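The values are calculated or read from the model by the stated rules, or taken from the named source; none is laboratory data. Quick caveat, the model's predicted, so the values are computed rather than measured. Note that each Cβ is placed from the backbone with ideal geometry, even for glycine, and that neighbours are counted across all protein chains shown.
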Amino acid sequence: MENKFEWSVDGLYVNKRDNAPDFVISSLGVNKKQFLEFISKQDGEFVNIDILLSKQGKQYAKLNTFKPKSDVSKQLDKKANGDIDPSDLPF
């Protein structure tokens, strides 16, 4: 069954069993055919999926489509590589 929302994750089902021990947060069920079709349509090397809680208390999977602004990414890359502009320093 294909999900009707563009952010939903086809073939991935999140379940919480009432009788599960406290350390079991969720169980994931994967319909291999549906999930492989969904994954093959996604761009990039990684697909990020969030497990959320609905207002009714039911857990569900949502495609995380967050993309950082390119300017921020470039600034973070510079700082990670040690390319710090002395004018950026507070002292």
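Here are a few things to note about the model shown:
- First in region 32-46 and under 10 Å from residue 12 (Cβ atoms), second anywhere and loosely packed, with under 10 Cβ neighbours inside 10 Å and not small (Gly, Ala, Ser), Cβ under 8 Å, 6 or more apart: 34/1; 34/2
- The number of residues in region 40-91 that are among the polar types (S, T, N, Q) and at pLDDT below 70 comes to 4.
- Extreme residue, surrounded by the most Cβ atoms within 10 Å (Cβ to Cβ), among residues of region 1-39 that are at pLDDT below 90 and basic (Lys, Arg): 16
- Which numbered condition residue 69 fails, given (1) surrounded by 11 or more Cβ atoms within 10 Å (Cβ to Cβ); (2) within 18 Å of the chain's Cα centre (by Cα): (1)
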